[in-house]
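Chemist: Have a look at the structure that comes next, please.
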């Protein structure tokens, strides 16, 4: 987003030069410390660059690190005794289903009416 209506034409052109200089040398610390002789860009130009053009997206993408997410912790609990007494004999129907040529094994119980699926990693039959 450009904020050109709040600055003069000279401020805009100086900010554009400052952005181009930063794209070439990678940083503007050299300008702030007067390490580049006869540099047309001033400290004020470097400060107004972000106000006019916003942050340098290319520079941010190169410096930003992706944070790793924490693993999901799964708590496995035993089946309550009431359910074990009531549904001691469970009949399962098992089948393999392909979704976009990816195999899944599907389990469905008749009495409990519970279904689940798992990804099949390897379809090879090893004897």
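FYI, it's all coordinate maths here, none of it is from the lab. On a predicted model such as this, the values are computed, not experimentally measured, just so you know. Note: ideal-geometry Cβ built from the backbone for every residue, glycine included; neighbour counts use all protein chains shown.
Chemist: Could you line up 126, 20 from fewest to most neighbouring Cβ atoms inside 10 Å? Before the final figure, lay out each step's value.
Modeler: Details: 126 4, 20 12.
With the sparsest Cβ surroundings first, the list reads 126, 20.
Chemist: Over the Cα atoms of region 29-101, what Rg and Dmax result, in angstrom?
Modeler: Expressed in Å, the Cα Rg and Dmax of region 29-101 come to 31.3, 88.
Chemist: Related question: What is the pair-distance distribution P(r) of the chain, computed from all Cα-Cα distances in 10 Å bins starting at 0, with each bin given as a whole percent?
Modeler: 9, 21, 15, 9, 7, 13, 15, 9, 1
Chemist: Go ahead and run the numbers for FRET between residue 96 and residue 74, Cβ-Cβ distance against an R0 of 22 Å, rounding to 0.05.
Modeler: Working: r = 24 Å, r/R0 = 1.10.
The pair residue 96/residue 74 has a calculated efficiency of 0.35.
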